[in-house]
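Peer 1: One structure coming up, written as structure tokens, with questions to follow.
The values are calculated or read from the model by the stated rules, or taken from the named source; none is laboratory data. Everything quoted here is computed from the prediction, not taken from an experiment. A quick note on method: Cβ atoms are made from the backbone with ideal geometry, for glycine too, and the neighbour counts reach across all protein chains shown. Side chains included, ligands, DNA and RNA excluded: accessible areas come from the protein's heavy atoms. Shrake-Rupley method; radii C 1.70, N 1.55, O 1.52, S 1.80 Å.
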Amino acid sequence: MSIVVSGIRPTGNLHLGNYFGAMRNFVKMQNTDQCFFFIADYHSLTTHPTPQDLHGNVKSILVDYLAAGLDPEKSTLYLQSDVPEVLELYLFLNMNAYLGELERCTSFKDKARKQPDNVNAGLLTYPTLMAADIILHRAHKVPVGKDQEQHLEMTRTFANRFNRMYNVNYFPEPVAYNFGEELVKIPGLDGSTKMGKSEGEGNAIFLGDSPESIRKKIMRAVTDSGPVEPNQPKPQPIENIFTLMKVLSAPETYEHFNNLYNNCQIRYGDMKKQLAEDVICFNEPFRQRILELEKNDEYISKVVKMGAEKARESAAKTIREVREIVGFKRFF
Ligand code: TRP
């Protein structure tokens with residue numbers, strides 16, 4: 001059984017791309033691995049220092065996670081800021097992270113370019129905090145996308161450097177885990193190849209979207225005037241709605257519209273109507289759970305408290321051992 005850690009920044013709700021990407025696999029992993037899933041609320045301050053939004057965003061992500069099937073009994077589901085031990089490990093790691101390597105990090109350079117008036121030290125040390133999140137539980141596997149590869153490489157560097165510096169074999173080398181074949185890539189509604197919240201309103205369908213909003217988004221999805229010759233390859237935006245249909249509708253439905261396309265008889269309006277109803281049907285149980293959980297503050301606080309307790313137990317053990325390795329000894 002491996003120890004798995006993954007964090008999500010509280011900046012946007014779960015959409016179908018997230019669900020068919022990592023989320024569905026997180027849900028499965030809970031049965032085979034010891035999983036720690038947390039909301040990276042400290043990290044969010046590097047780019048979104050907005051007190052009025054923080055709590056609501058965290059709650060909304062938590063509700064989505066639970067609705068999507070994360071089980072607080074099976075996994076440890078917690079808020080980063082409920083586990084202050086991570087900050088002590090962050091400090092230790094910062095003591096042996098070099099300015100040069102932090103400055104070379106691609107995500108730092110990108111964010112520094114995007115927010116030139118706020119190139120804060122938290123942005124620079126984002127990778128050491130992320131490394132602390134991971135090695136705090138002495139994780140083996142980190143399910144993250146390609147964009148986090150470099151952060152993970154840095155995590156390995158910091159973990160190995162710690163081991164070498166203190167001549168111990170304490171932290172395992174965590175590896176990125178990308179689910180391989182299990183990962184279904186969901187395209188966007190705007191004709192781009194990826195569903196994502198940053199691509200603009202209307203590109204993504206969220207698990208909590210209402211039927212009306214799903215209909216509206218799908219009816220507005222980018223299409224063209226249709227094929228003029230039979231059996232032609234599909235342009236990207238058309239390929240996208242077919243991909244969505246393949247994932248979300250019945251196989252016969254997909255076949256039906258695919259045949260119409262190949263015979264040049266396709267009417268995208270009809271296809272989208274059908275797709276919208278199938279997406280609504282898929283989303284319905286998630287949406288119901290989201291609506292229920294949103295009202296149930298008592299349950300949410302119970303979940304968060306339990307997660308904090310479990311996470312702190314694991315974290316406290318690491319910090320106790322790390323302090324000893326680093327040479328701290330209690331006088332009292
Ligand atoms: N950097 C990750 C992201 O942007 C979020 C994150 C923070 C994370 N700490 C982590 C992911 C630890 C995995 C493990 O998506």
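Peer 1: Any residue that is more than 16 Å from the ligand (Cβ to nearest atom) and assigned to a helix (DSSP H, G or I) - is there at least one of those in the stretch 115-131?
Peer 2: yes
Peer 1: Do you know which residues across the stretch 165-186 are part of a helix (DSSP H, G or I) and open to solvent by 50 Å² or more (accessible area, probe 1.4 Å)?
Peer 2: Result: MET165, GLU181, GLU182.
Peer 1: Of all residues in the stretch 293-304, how many are surrounded by 13 or more Cβ atoms within 10 Å (Cβ to Cβ) and free of Cβ contacts under 8 Å to residues at least 60 places away in the same chain? If you could, list the steps in order and put the result at the bottom.
Peer 2: Initial filter on the stretch 293-304 (surrounded by 13 or more Cβ atoms within 10 Å (Cβ to Cβ)): 293-294, 296, 299-300, 303-304.
Going one step further and asking which of them are free of Cβ contacts under 8 Å to residues at least 60 places away in the same chain, we end up with 296, 299.
Matching residues across the stretch 293-304 total 2.
Peer 1: Would you mind finding the one in ILE266, ILE238, ILE218 that is among the β-branched types (Val, Ile, Thr), in the same structural domain as ARG287 (by TED's automatic domain parsing) and within 26 Å of ALA67 (Cβ to Cβ)?
Peer 2: Answer to the selection: ILE218.
Here is a yes/no grid of residues against (1) under 19 Å from ALA276 (Cβ atoms); (2) free of Cβ contacts under 8 Å to residues at least 40 places away in the same chain:
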position: THR193; (1), (2): no, no
position: GLY196; (1), (2): no, no
position: ALA204; (1), (2): yes, no
position: ILE218; (1), (2): yes, no
position: VAL228; (1), (2): no, yes
position: GLN232; (1), (2): no, yes
position: THR253; (1), (2): yes, yes
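Peer 1: Here's a follow-up. ALA204: at pLDDT 95 or above, in contact with a strand residue (DSSP E or B) (Cβ under 6 Å, 6 or more places away or on another chain) and assigned to a loop (DSSP other than H, G, I, E, B), yes or no? It would help to see each step written out before you state the result.
Peer 2: Values: at pLDDT 95 or above: yes; in contact with a strand residue (DSSP E or B) (Cβ under 6 Å, 6 or more places away or on another chain): yes; assigned to a loop (DSSP other than H, G, I, E, B): yes.
For ALA204, the condition - at pLDDT 95 or above, in contact with a strand residue (DSSP E or B) (Cβ under 6 Å, 6 or more places away or on another chain) and assigned to a loop (DSSP other than H, G, I, E, B) - is met.
Peer 1: Filtering the stretch 14-49 down to residues that are in a loop (DSSP other than H, G, I, E, B), in contact with a helix residue (DSSP H, G or I) (Cβ under 7 Å, 6 or more places away or on another chain) and polar (S, T, N, Q), which residue is most open to solvent (accessible area, probe 1.4 Å)?
Peer 2: Among residues in the stretch 14-49 that are in a loop (DSSP other than H, G, I, E, B), in contact with a helix residue (DSSP H, G or I) (Cβ under 7 Å, 6 or more places away or on another chain) and polar (S, T, N, Q), the one most open to solvent (accessible area, probe 1.4 Å) is THR47.
Peer 1: From GLU153, GLU149, grab the single residue that is free of Cβ contacts under 8 Å to residues at least 24 places away in the same chain, within 16 Å of the ligand (Cβ to nearest atom) and either surrounded by fewer than 19 Cβ atoms within 10 Å (Cβ to Cβ) or farther than 30 Å from ARG323 by Cα (or both).
Peer 2: Only one candidate qualifies: GLU153.
Listed here are the residues, each with its yes/no results for (1) closer than 24 Å to ASP33 by Cα; (2) under 16 Å from the mean Cα position of the chain (by Cα); (3) β-branched (Val, Ile, Thr).
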| residue | (1), (2), (3) |
| --- | --- |
| VAL83 | yes, no, yes |
| LEU89 | yes, no, no |
| ASP133 | yes, yes, no |
| GLN148 | yes, yes, no |
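Peer 1: I would also like to ask the following. If ALA67 satisfies all but one of (1) in a helix (DSSP H, G or I); (2) touching a residue at least 24 places away in the same chain (Cβ under 8 Å); (3) open to solvent by less than 30 Å² (accessible area, probe 1.4 Å); (4) within 16 Å of the ligand (Cβ to nearest atom), what's the number of the condition it fails?
Peer 2: (4)
Peer 1: Can I ask one more? Taking GLU181 and the conditions (1) out of contact with any helix residue (DSSP H, G or I) (no Cβ under 8 Å at 6 or more places or on another chain); (2) more than 15 Å from the ligand (Cβ to nearest atom); (3) farther than 30 Å from THR243 by Cα, which numbered condition does it fall short on, given that it satisfies the others?
Peer 2: In the conditions (1) out of contact with any helix residue (DSSP H, G or I) (no Cβ under 8 Å at 6 or more places or on another chain); (2) more than 15 Å from the ligand (Cβ to nearest atom); (3) farther than 30 Å from THR243 by Cα, GLU181 misses (3) alone.
Peer 1: Tell me, which helices (runs of 4 or more DSSP H) wholly within the stretch 246-329 include 3 or more residues that are within 20 Å of TYR19 (Cβ to Cβ) and of a type in the set (Val, Ile, Thr)?
Peer 2: Result: 268-295.
Peer 1: Restricting attention to the stretch 70-114, which residues are open to solvent by 10 Å² or more (accessible area, probe 1.4 Å), more than 23 Å from ASP147 (Cβ to Cβ) and assigned to a loop (DSSP other than H, G, I, E, B)?
Peer 2: Those that are open to solvent by 10 Å² or more (accessible area, probe 1.4 Å), more than 23 Å from ASP147 (Cβ to Cβ) and assigned to a loop (DSSP other than H, G, I, E, B): ASP71, PRO72, GLU73, LYS74, PRO84.
Peer 1: How many of the residues making up the stretch 314-332 are farther than 12 Å from ILE135 by Cβ and of a type in the set (Val, Ile, Thr)?
Peer 2: 2
Peer 1: Taking into account only those residues within the stretch 24-58 that are within 13 Å of the ligand (Cβ to nearest atom), among the hydrophobic types (A, V, I, L, M, F, W, C) and out of contact with any His (no Cβ under 6 Å at 6 or more places or on another chain), which is nearest to ARG287 (Cα to Cα)?
Peer 2: Initially, the stretch 24-58 is screened for residues within 13 Å of the ligand (Cβ to nearest atom), giving 26, 35-48.
After this cut, where a residue has to be among the hydrophobic types (A, V, I, L, M, F, W, C) as well, the list is 26, 35-40, 45.
Narrowing further to those that are out of contact with any His (no Cβ under 6 Å at 6 or more places or on another chain): 26, 35, 37-40, 45.
Numbers: PHE26: 19, CYS35: 25, PHE37: 21, PHE38: 22, ILE39: 21, ALA40: 24, LEU45: 29 Å.
For the stretch 24-58, the residue satisfying everything is PHE26.
Peer 1: Kindly establish whether ASP53 is acidic (Asp, Glu), surrounded by fewer than 21 Cβ atoms within 10 Å (Cβ to Cβ) and assigned by TED's automatic domain parsing to the domain that holds TYR170.
Peer 2: When the stated conditions are applied, ASP53 passes them.
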